[in-house]
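Novice: Dumping the structure here so I can ask a few things about it.
Taken together, the values in this text are just the output of simple stated rules run on the coordinates, not laboratory data. From a predicted model like this one, the values you see are computed outputs, not experimental measurements. A quick note on method: Cβ atoms are made from the backbone with ideal geometry, for glycine too, and the neighbour counts reach across all protein chains shown.
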Amino acid sequence: MSSPSPAFHDVVRSRHSVRAFLPSPIPRDVLKSVLEEAQCAPSNCNTQPWNVQIVGGDTLKALSATLVEELGKENYTFDFSFDTRDYPEPYRQRAAEQGGRYYQALGVARGDTLSRAEVVERNVRFFGAPHAAFLFLPPVGDNVRVAADLGMYAQTFLLALAARGYAGVPQTILGFFAEPIRQALGVSSDFKLLFGISFGMADGSHAASGYREHRIPIEQSVAWHE
Ligand SMILES: Cc1cc2nc3c(=O)[nH]c(=O)nc-3n(C[C@H](O)[C@H](O)[C@H](O)COP(=O)(O)O)c2cc1C
């Protein structure tokens, strides 16, 4: 078969990061099938090194309250650093443009630090999502290979959600609070937090839902050798 089924095409192209969710949870059996499909992701030597913590209900509410507090105190405990200033061009510029488009969609002006802080805080409020997944890894060497496996897992998870009409957003920022998250979920310090994913049903009426990212043309990423 040379062309993918239209359904696959639609799922891949319609998936996007959602940053406003309705509170209603995903039924447990549906969520289990999403997780079973995510489990089909490839990994180095089939090691399947993802340790996935699914959080919802009162546990998620309590965790959100803790993270809002930690964010307010700028008490960051990340296992893996992240700073867009570390990116060389053209990646740094792309990151700046993405931020600009998102803040514009939300109607937040450049110098408006208070509103910007609220936008950041929405991350640790899980954008109102009824569920969050935390992706931990067992540290191996420089962790690059294991992190790649978790990336494969995360995209499969997001596509499995999209195929069922649900949505999610991967969030590196949740990884800034590795210690309180490990503590709240009883995860051993042997596991390192790569990122989290808030997920559920999109709130299509929210300003954040009117926002979409585009992609650079393949010619800028792909070289042909034949
Ligand atoms: C590993 C990873 C971490 C991300 N972290 C965040 C985050 O902390 N907060 C956020 O709002 N979006 C985050 N995003 C979402 C990206 O901004 C988004 O994927 C990108 O702008 C492309 O948009 P799209 O997912 O809608 O196609 C993250 C995405 C990935 C893959």
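Novice: For the stretch 41-145, what is the convex hull volume of the alpha-carbon atoms per residue, in Å³?
Specialist: Measuring per residue, one finds 163 Å³ for the Cα hull of the stretch 41-145.
Novice: With the cut-off at 21 Å, report for the stretch 97-167 the share of all Cα pairs above it, as a whole percent.
Specialist: Percentage above 21 Å: 52.
Novice: Residues in the stretch 180-209, backbone N under 20 Å from the label point at Thr66 (7 Å along the Cα-to-beta-carbon vector): list them, ranges by number please.
Specialist: 180-199
Novice: Pick from Asp83, Asp190, Asp29: which is most flexible by mean-square fluctuation in a GNM of the chain where alpha carbon atoms under 10 Å apart are linked?
Specialist: Asp83
Novice: Among Glu89, Glu69, Glu37, whose mean-square fluctuation peaks in a Gaussian network model of the chain (Cα, cutoff 10 Å)?
Specialist: Among Glu89, Glu69, Glu37, the largest mean-square fluctuation in the Gaussian network model of the chain belongs to Glu89.
Novice: If each of Asp29 and Glu121 carries a label point 7 Å out from its Cα toward its Cβ, how far apart are those two points in nm?
Specialist: So the two model labels end up 4.1 nm from each other.
Novice: Right, another one. Residues with amide H under 5 Å of Phe195's amide H, sequence separation 5 or more or different chain, H placed in the peptide plane at 1.01 Å from N; which?
Specialist: Under 5 Å from the amide H of Phe195 lie the amide H atoms of Leu135, each far enough along the sequence or on another chain.
Novice: What's the magnitude of the charge dipole for the stretch 78-226 around its Cα centre, counting Lys and Arg as +1 and Asp and Glu as -1 at the beta-carbon? Answer in Debye, nearest 20.
Specialist: Roughly 340 debye, rounded to the nearest 20.
Novice: If R₀ is 30 angstrom, what is the calculated FRET efficiency for the pair Arg13 and Ala96, using the beta carbon separation as r and rounding to 0.05?
Specialist: Once the sixth-power term is evaluated, E becomes 0.75.
Novice: How are the Cα pair distances of the stretch 179-219 distributed, in percent, across 10 Å bins from 0?
Specialist: In order of increasing distance, the bins hold 18, 28, 24, 26, 4 percent.
Novice: Something else now. What helices does the chain have that are whole DSSP H segments, at least 24 Å long along their own axis by Cα, and with mean Kyte-Doolittle hydropathy of -0.5 or more?
Specialist: Flagged H segments are 144-163.
Novice: When the dipole is taken about the Cα centre of the stretch 1-138, and only Lys, Arg (+1) and Asp, Glu (-1) are charged at their Cβ, what size is it in debye, to the nearest 20?
Specialist: The dipole of the stretch 1-138 has a size of about 340 debye.
Novice: Using only Cα positions of the stretch 84-134, each an equal point scatterer, no hydration layer, compute I(q)/I(0) via Debye at q = 0.17, 0.22, 0.28 Å⁻¹ and quote the log10 values to two decimals.
Specialist: Values, matching the q order: -0.67, -0.92, -1.02.
Novice: Further question: Would you mind calculating the relative contact order of the stretch 80-226 from Cα pairs under 8 angstrom and at least 6 residues apart, reporting the percent as a whole number?
Specialist: Relative contact order of the stretch 80-226: 30 percent.
Novice: Wrap a convex hull around the Cα atoms of the stretch 141-220, take a quarter of its surface area, and give that in square nanometres. It would help to have the intermediate numbers written out before the result.
Specialist: Working: hull surface 31.8 nm².
Taking the Cα atoms of the stretch 141-220, their convex hull projects to 7.9 nm² on average.
Novice: Just to be sure I follow: if Rg is taken over the C-alpha atoms of the chain and Rh is the Kirkwood radius over the same atoms, what is Rg/Rh?
Specialist: In the chain, Rg relative to Rh is 0.95.
Novice: What ranking of Ile173, Ile218 emerges when the number of other C-beta atoms within 10 Å of each C-beta is taken as an exposure proxy, fewest first?
Specialist: Ile218, Ile173
Novice: Further, regarding this structure: In which sequence would Tyr91, Tyr153, Tyr166, Tyr76 go, from the one with the fewest C-beta neighbours within 10 Å to the one with the most?
Specialist: Going from least to most buried by this count: Tyr91, Tyr76, Tyr166, Tyr153.
Novice: While we're here: At R0 = 35 Å, how high is the FRET efficiency between Arg164 and Gln48 if r is their beta carbon distance? Nearest 0.05 is fine.
Specialist: 0.95
Novice: I would also like to ask the following. Between Arg215 and Leu185, what length in nm is gained on full extension when 0.36 nm per residue of separation is reduced by their alpha carbon distance?
Specialist: Between Arg215 and Leu185, full extension yields 7.2 nm more.
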